[in-house]
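Following: one structure in structure tokens, then a few remarks.
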Amino acid sequence: MEILVCIKQVPASSEVKVDSQTGALIRESVSGIINPTDRNALEESLRLKAKHGGNVTVLTMGPQQAEEALREALAMGADKAVLLTDRLFAGSDTAATSYILWKAVQKLGKFDLTLCGRESTDGVTAQVGPQLAELLGIPQITFVRKIELKDGVLRAERGLKGAFETVEGNLPLLLTVNKEINISREITIDDILTACREKEIISWGADDIGAERSKIGLEGSLTVMLRSYIPAREKKGVIFAGPVKDAVRDLVQELRKKQLIP
Amino acid sequence: MNFDLTTEQKLLQKAAKDFANKEIEPLAPLMERGQALPSNFPKKLGEARFLGMLCPRKYGGSDIGYFNFILVLEQLSYPVSACAWIPGIHNSVAEAIYRFGTEAAKEKYLPGACAGEYVASIVFTEPGTGSDPKSLTTTASFEGNTWLVNGTKRFHSLGNMIGPAMIVVREGDFINCLLVDKDSPGYSSSKSWDFMGYAGLPCVDTYLNNVRVPAENLMGERGKGFDILVKMISGAKIASCARSLGLSQAAQDEAVKYAKGRTRRGSAIFTMMSIQAMVAEIASRVEAARWITYRVAFLREKGFDTILDTARAKLFVTRVAKEVADMSLQVHGAYGFTRDFKIERIYRAAREGEIVEGSSEIQRTIISTYVLS
Amino acid sequence: MDFNLTTEQKLIQKATRDFAEKEIAPVVLEMEKGAPLPDNVIEKMAKAKLLGMLAPRKYGGTDTGYLAYIMANEQFSYVITACSFVMVVCNSIAEAINRFGTEEQKEKYVRGICEGKLMGSLSFTEPSTGSDPKALATTAVLAGDHWVINGTKRFNTLGAYNGPALVFAREGDSVHCIIVDKNCEGWSSSKPWDFMGYRGTPTVDSFLKDVRVPIGNLLLEKGKGFEILLKIISGARISSCARSLGLGQAALDESIKYAKQRTRRGSPIASMMSIQGMIAEMASRLEAARWLTYRTAFLREKGGDVLLESAMTKIFVTRTAKELADMGIQIHGAYGFTKDFKIERIYRAAKEGEIVEGSSEIQRTIVASMLLA
């Protein structure tokens, strides 16, 4: 089966830096990683491939640096990697991004299954997966924590707040996955060297995918980001002093009150 | 001006050196491997008259004077063992009890302390602060004839050994120093912190839960605890210098011993200029450290205000200890990096001087405040 | 000129660091307390292809190139582990046999190391010498079609594990490098040395008593021992620098973390100039150390033997690591002196760089002699 995984390269550190004037995230000189739930999506696709056979194609839109994320995906086991990069893509919001991804998919062909991570750690909208499904005209199942595929029917368990929901659908469809769906694999040096030295990355710009200028970049964005800032963090701590027995008892009581332990 | 030691002083040095060699040096490597400080050790120190060095005979002390105390402490610190912290801390606190305690407190604690039945200790530090009295959260309130103490103290050396602990507490906006019996109800200790050097040093967190302290255990005047603390701490700093000095001398002697024994191409490495240079460097720094320490001990004995001199001495001497330990280890080559050689524990221990009993940053602040005023 | 890392190098850095934090970090604390190196850890390192990074794919290596290898070393050493030595020794022996060995030797030993089945050792140091080939006492005598080797090797990392040891032995005035299968008949080892830092490093003394080795185990040619050693050592020096870099980065990260959360009068100590000064100092020295190391590694990858450059680099970088560890402890205050904080073992480990794999004194001698020739 043909599987497509959409990934995004996000900043590695948990403390993202924001340009105080433009409000934009400062991307340079911060090392990038594959967005965590995208990595889970890729891992899931590799497991499906191992079980059902087929190919895994990884697709990403970003600056040239995003190539690193694709190499890592190839090292994990993806068969094909496509980088969508063009200055004209810069400033795209989720709508424009989904449009760009959709144009690339049109060029790549038909996929039985498309997987995305639930949301990115830097944008945190969780919109691109659903938007892409709409553009592709295929059904979507979001927040997936478990997949079962049998005879062309996919059964997915969705992880909602305080409940699970099981949904069934026929292929082709698109899934967005939660982090608890799996633990993604580590890559070894061997994998890295093969990915970097022997595999190819296909690189496409706006013209290669026939993207309409009005639908990409700032122009194609339906939303405008006004400001991005890091909120001041208040540190609240409680010290449980006293003899160990008493302190432990008080701590346990407090944790119970906060429902952190049963 | 006279830099000679009197006969009495030389004899005291020797007695301390012999004790260190016989009772502490064999114990040190064992403690480094995890053995606990022997519970009878304070008694041994007491019997050797090393626990009441600054107390008058009336209370069972030997009253040898502050300078001599430092001479003895330097010798006891030579094996570089946690054991030497006991005479250092205990004597300083005993002296403080003598100088600032009530007569009742002196009668209660000093005889036992001098004999080694009690181990005296002091603690200011809390989890939230090591240097700022305004941040103290251990409180004491006075009612009737008793203080009620509540709070947590951190890094309380000897805090789990029976005897009087000088606890620094806050009462509203003021600081008091109270003597707390370490076996009082409500007083408990954590297990000891595990340190990089001076393994086996009993240093605990202390929890005070409604501990009752009699009025007579207040040191000095109510509300004037900070002054006492400052005076007492400057003594502790000089003791810290003595500790660093003993360690530095040990580092030097080990380097010389090794350099004379180890050969390369048939000659002792002592003949190599690079080794000679290091040993010379070590020796000169140790000498400088010694005389600045002795001078400040002398000043304190004479009754001078030594806050500035003590800070200068501690800043200098503790850094020297670290540097000479480092150079000595370098002289030992790879052997210096193994636990089979004394220099390894010297190196690990040397680091504490610049942190404990007022970090070097604090000393710099003190010095610059004086010097720039 | 290009100071950018390639994607491949970045991914190798990341993979190695992830591996170290996931597989190695959990066992570090136990080893620091005295536990030995767990066997399965070496297996895991082999599986992650960390032991044959400098060997060709033909023998099971990954041939990452020397610079990427050094970067991997640095990331691996971020967790301050004795396993760093396993990584260095295996890789350098595999590299040496690959460079100087016969096809037969390569097929047997290089492959074995890459697969984690054989552990290499570099056996030069003896009780009487760590640097002087003229003082070697281990002898190799030709008896028919066998070498018979007798002697003692000191500080022999991985000396008790099966695999090829490059044994440096003298035959008259010539020094040969002979491959010995460790644990063969006549080969025995002491229990491991107990080090101040990187505890659990499997470094032993090995005793060779009439060890018989086929004549074909000679590496390269008779009399080429010292030349081979120098070439291996120049690589080992750079690995030592990589270790220092990982350690230095850890010291810096720990210090920043601590300074941001420790408060005094309500503000983090990171807001104090004296702390800021130290952090700035640490960051800048580390950066200098890093690029000097990478450049030297780059030169070696290009094919140079970098005897001079590696010596200069090691002097600077290993001392920098020690200085950073020292400042790191100072920033942590008394907590830095306890085993509860990572900086404590960083400090203990840091000293190793200036001693092992050619002490800084030897490096200075080399640099001076090459510059003044």
Residue with peak Gaussian network fluctuation, chain C [Cα springs, cutoff 10 Å], from C:Thr129, C:Thr64, C:Thr203: C:Thr129
Highest mean packing first, using Cβ neighbours within 10 angstrom, the peptides A:83-96, B:78-91 sort as B:78-91, A:83-96
Would you mind ranking C:Glu103, B:Glu25, B:Glu95, C:Glu352 by Cβ crowding within 10 Å, fewest neighbours first? C:Glu103, B:Glu25, B:Glu95, C:Glu352
For B:Lys44, counting only aspartates and glutamates whose alpha-carbon sits under 15 Å away and dropping same-chain residues fewer than eight positions off, the answer is B:Asp18, B:Glu23, B:Glu25, B:Glu117
Between rounded, prolate and oblate, where does the protein assembly as shown land on the alpha carbon gyration tensor, with a ≥ b ≥ c its root eigenvalues, rounded for a/c under 1.5, else prolate if a/b exceeds b/c? oblate
When the Cα centres of segment A:68-127 and segment C:32-76 are compared, how far apart do they sit, in Å? 34
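Based on Cβ point charges of +1 for Lys and Arg and -1 for Asp and Glu, what charge dipole magnitude is obtained for the protein assembly as shown about its Cα centre, in debye rounded to the nearest 20?
With Lys and Arg at +1 and Asp and Glu at -1, about 1200 debye.
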Compute from the Cα atoms of segment C:121-223 the Rg and the Dmax, the latter being the longest Cα-Cα distance, and quote both in angstrom. 13.1, 45
Cα-Cα pairs of chain C separated by more than 40 Å (percent): 13
Among beta bridges that DSSP assigns inside chain B, antiparallel share in %, nearest 5: 85
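Of A:Lys258/B:Lys134; C:Lys224/C:Lys302; C:Lys191/C:Lys222, which ones are farther than 27 Å apart at the Cα?
A:Lys258/B:Lys134; C:Lys191/C:Lys222, as the Cα separations exceed 27 Å there.
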Taking the reciprocal of mean 1/r across every pair of different Cα atoms in chain B, the Kirkwood radius in Å is 21.1
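For segment A:112-192, which trypsin sites (Lys or Arg not before Pro) are in a loop by DSSP, counting at most 16 other Cβ atoms within 10 Å?
Qualifying residues, ordered by number: A:Lys161, A:Arg185.
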Report the Stokes-Einstein translational diffusion coefficient (µm² s⁻¹, integer) for segment C:232-311, Rh taken as the Kirkwood radius over Cα pairs, at 20 °C with viscosity 1.002 mPa s. 150
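What is the order of A:Asp122, C:Asp63, B:Asp326, A:Asp207, fewest Cβ neighbours within 10 Å to most?
A:Asp207, A:Asp122, C:Asp63, B:Asp326
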Quick check of the Kirkwood formula: for chain A, what is the inverse mean of 1/r over all pairs of different Cα atoms, in Å? 20.2
How crowded by other chains is C:353-360, given as the mean number of beta carbons from other chains within 10 Å of each beta carbon? 3
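Per residue of A:237-247, count partner chain C-beta atoms within 10 Å of its C-beta, then hand back the mean as an integer.
Partner Cβ neighbours, averaged per residue: 4.
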For segment A:155-262, what relative contact order do you get, as a whole percent, if you take Cα pairs closer than 8 Å and at least 6 residues apart? 8
If I require 20 Å or longer along the helix axis, counting alpha carbons, and a Kyte-Doolittle average no lower than 0.5, what helices from chain C are left? Use full DSSP H segments. C:83-100
Over segment B:7-115, what relative contact order in percent results from Cα pairs under 8 Å that are six or more residues apart? 35
At 222 nm, what value in deg cm²/dmol follows for chain B if DSSP H runs of at least 4 each add -39500 (n - 2.57) and the sum is divided by all its residues, to the nearest 500? -16000 deg cm²/dmol
Can you work out the Karplus-derived ³J(HN,Hα) for every residue in segment A:95-111? Use 6.51 cos²θ - 1.76 cosθ + 1.60 with θ = phi - 60°, whole Hz, and x for glycine or proline. 4, 5, 4, 4, 4, 4, 4, 4, 4, 5, 5, 4, 7, 7, x, 8, 10
How high is the relative contact order of chain A, in percent, counting Cα pairs under 8 Å that sit 6 or more residues apart? 24
Listed residue (B:Leu136, B:Leu158, B:Pro185) projecting farthest to the positive dipole end of segment B:121-223, Cβ model: B:Leu158
Modelled label-to-label distance, B:Leu5 and A:Ile230, 7 Å Cα→beta-carbon offset: nm? 5.7
Using alpha carbon centroids, what distance separates segment B:130-168 and segment C:184-234, in Å? 58
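For segment A:128-236, what does the alpha-carbon gyration tensor say about shape, rounded, prolate or oblate, given a ≥ b ≥ c as the root eigenvalues, a/c under 1.5 as rounded, and a/b over b/c as prolate?
Note, shape of segment A:128-236 comes out rounded.
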Residue-averaged 222 nm ellipticity for chain A, from DSSP H runs of 4+ at -39500 (n - 2.57), nearest 500: -9000 deg cm²/dmol
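Taking every DSSP beta bridge that has both residues in the protein assembly as shown, what percent is antiparallel when rounded to the nearest 5?
Values: 79 of 115 bridges.
Around 70 percent of the beta bridges assigned by DSSP in the protein assembly as shown are antiparallel ones.
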Measure nothing but the geometry: give the 0 to 90° angle between the long axis through the Cα atoms of B:103-115 and the longest principal axis through the Cα atoms of chain B, rounded to 10°. 30
Give me the percent of Cα-Cα pairs in segment B:7-115 that sit more than 19 Å apart, rounded to a whole number. 42
Of C:His146, C:Met196, C:Gln261, which is farthest on the positive side of the dipole of chain C, counting Cα position, with +1 on Lys and Arg Cβ, -1 on Asp and Glu Cβ, and the Cα centre as origin? C:Gln261
Kindly put C:Glu221, B:Glu254, A:Glu43 in sequence by how many other C-beta atoms sit within 10 Å of each C-beta, fewest to most. C:Glu221, A:Glu43, B:Glu254
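At a 10 angstrom cut-off on C-beta neighbours, averaged per residue, how do the peptides B:46-57, C:230-241 rank from highest to lowest?
C:230-241, B:46-57
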Taking the alpha-carbon centre of each part, the distance from segment A:156-195 to segment B:217-286 in Å is 61
D (Stokes-Einstein, µm²/s), Kirkwood Cα radius, segment C:6-95, 1.002 mPa s at 20 °C: 163
CD proxy, 222 nm, chain C: helix-only mean residue ellipticity via -39,500 (n - 2.57) per DSSP H run with n ≥ 4, per residue, nearest 500, stands at -16000 deg cm²/dmol
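Where a number appears in this text, it was derived from the coordinates with a stated rule and is not lab data. Here the structure is a predicted model, which is why all the values come from computation and not from measurement. Neighbour counts are summed over all protein chains in view; Cβ atoms, including those assigned to glycine, are modelled from backbone coordinates with ideal geometry.
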